[in-house]
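The values are calculated or read from the model by the stated rules, or taken from the named source; none is laboratory data. These numbers were taken from a predicted model, which means no experiment stands behind them. Don't worry about glycine lacking a Cβ; one is built from the backbone with ideal geometry, like all the others, and counts go over all protein chains shown. Side chains included, ligands, DNA and RNA excluded: accessible areas come from the protein's heavy atoms. Shrake-Rupley method; radii C 1.70, N 1.55, O 1.52, S 1.80 Å.
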Amino acid sequence: MIDKISLLVIYTGGTIGMVKDKKTGTLKPFDFTHLYDDIPVLRNFDYRIDFQSFDPLLDSSNMHPSFWVRLAGVIEENYEDYEGFVVLHGTDTMAYTASAMSFMLENLNKPVIFTGSQLPMGEIRTDGRDNFINAIEIASAMDDDTPIVPEVAICFENRLFRANRTSKFNAENFGAFLSGNYSSLADIGVRIKYKQELILKPNFRKLKVHKNLDENIAILKLFPGITANVVNCALNTKELKAVILETFGAGNAPTAPWFLDMMKEAIDRGIIILNVTQCKGGTVEMGKYETGAELERIGVIGGYDITTESAVTKLMYLLGCDDLSRQEVIHFLQTSLRGEMTV
Ligand code: ASP
């Protein structure tokens, strides 16, 4: 029986941690040492809540895989000492960082709950206060000493989403995140209603942290009128190992011979091409239309209903696993590793 639940809050930067300087009117980082004075309701939780801040704090648009390695390291170092983790992060690239954590933290059996806000914590109408309190409650939720949400998730505006299913889709609404292909894991109202059947189950194995990420990937987003020059440049990027091809609808692309020839030539050189749809909901089905079937024929890999954010971080993770052959990477791209896609 756990005596007193301990949580670690890791502040990485972003709007949530900002307050307006009364004199200058500019936004500056919130002093978390005064947290209990600023959010007195936190005293009502009977938990130990510790804080760690990143230095420097990052606007999440400056996010980089080297930072993901540091964050995964903080969770690894503190894994045995806490029941759960709350990560405060800017919203702009939260879906990328949270997806990366889901792949890097293999055998995760504790909650890692990301949150942030659209308005700084110090603003009267801030959404940060509720998001933060909800994230704390979820990170500490237990059923018989077993965490209710033993996975990486994003808690935002009364909803909890699987991290690697989300995208930021709104720059000003409080509901900034969308999980177009997987229902929320919990809905937050008067009570927090957990959807147990959708939440990953703990496997009670030892945490394994993967810190080798390979950044030699590219995203090629199709649009009507894309030129051979653009496609050629993307596919001939130095050191390139994989391309996320953002296609139309159910995974469709032009059937112009120049386009298919370039794709085929890149695949023959060993480049992996992963087909991900530009749509925010639905799945890639390359056999459905002729325009998709051609891609399948030349060896493009179908990404099912994976998000671009998840595809980016999954590829960096898989390509960084030195012991995997190209065929194994392709196999794992078509396998759901952390509930990131519906196969
Ligand atoms: N630019 C900020 C960031 O992502 C926006 C936010 O926090 O919502 O760090």
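Among 9-15, 28-34, 208-214, the peptide with the highest mean count of other Cβ atoms within 10 Å heads the list, and the full ranking is 9-15, 208-214, 28-34. Taking a ≥ b ≥ c as the square roots of the Cα gyration tensor eigenvalues, with a/c under 1.5 meaning rounded and otherwise prolate when a/b beats b/c, else oblate, which class fits the range 56-147? Cα axes put the range 56-147 in the oblate bin. Reported to the nearest whole Å, the Cα centre-to-centre distance from the range 38-79 to the range 319-343 is 29. Sorting Asp50, Asp3, Asp268 by accessible area puts them as Asp3, Asp268, Asp50; the probe is 1.4 Å, largest comes first, and only protein heavy atoms count. Ordering 142-149, 172-179, 116-123 by mean Cβ neighbour count within 10 Å, with the highest value first, yields 116-123, 172-179, 142-149. Backbone amide hydrogens, once placed in the peptide plane, bring Tyr304 within less than 5 Å of Val284, excluding anything fewer than 5 places away on its chain.
Defining a contact as two alpha carbons under 8 Å apart and six or more residues distant in sequence, what relative contact order in percent does the range 90-140 show?
32
Restricting the GluC sites (Glu not before Pro) of the range 224-287 to loop positions (DSSP other than H, G, I, E, B) with no more than 10 neighbouring Cβ atoms within 10 Å leaves Glu239. Over the range 279-336, Cα pairs under 8 Å with separation of 6+ residues give a relative contact order of 31 percent.
Couplings for the range 158-174, taken from phi via the Karplus curve 6.51 cos²θ - 1.76 cosθ + 1.60 with θ = phi - 60°, read 6, 9, 10, 10, 5, 4, 7, 10, 9, 9, 6, 10, 9, 8, 9, 6, 5 Hz in order; Gly and Pro are left as x.
With a 1.4 Å probe and every protein chain kept in, tell me what percent of the accessible surface of the range 186-291 is carbon plus sulfur. Percent of accessible area from carbon and sulfur atoms in the range 186-291: 55.
Ligands, DNA and RNA are left out, and with a 1.4 angstrom probe the accessible area of the chain is 46 Å² per residue.
Its DSSP H runs of at least 4 residues, each contributing -39,500 (n - 2.57), put the calculated 222 nm mean residue ellipticity of the chain at -8000 deg cm²/dmol, to the nearest 500. Sparsely packed loop sites in the range 94-194 (the trypsin sites (Lys or Arg not before Pro) outside DSSP H, G, I, E and B with at most 11 other Cβ atoms within 10 Å) comprise Arg125, Arg191. When the trypsin sites (Lys or Arg not before Pro) in the range 1-84 are filtered for DSSP coil states and for at most 14 other beta-carbon atoms within 10 Å of their beta-carbon, the remaining sites are Lys4, Lys22, Lys23. Compared with the dominant Cα axis of the chain, that is its longest principal axis, helix 94-104 is turned about 80°. Looking at the chain alone, DSSP beta bridges between its own residues are antiparallel in about 40 percent of cases.
Relative contact order of the range 212-327, taken over Cα pairs closer than 8 Å and 6 or more residues apart, is 30 percent.
Converting the Cα gyration tensor eigenvalues of the chain into ellipsoid dimensions via √(5λ) gives semi-axes, longest first, of 38, 21, 18 Å. Here Phe332 and Thr24 are evaluated by their C-beta separation; at R0 = 56 Å the FRET efficiency comes out at 0.65.
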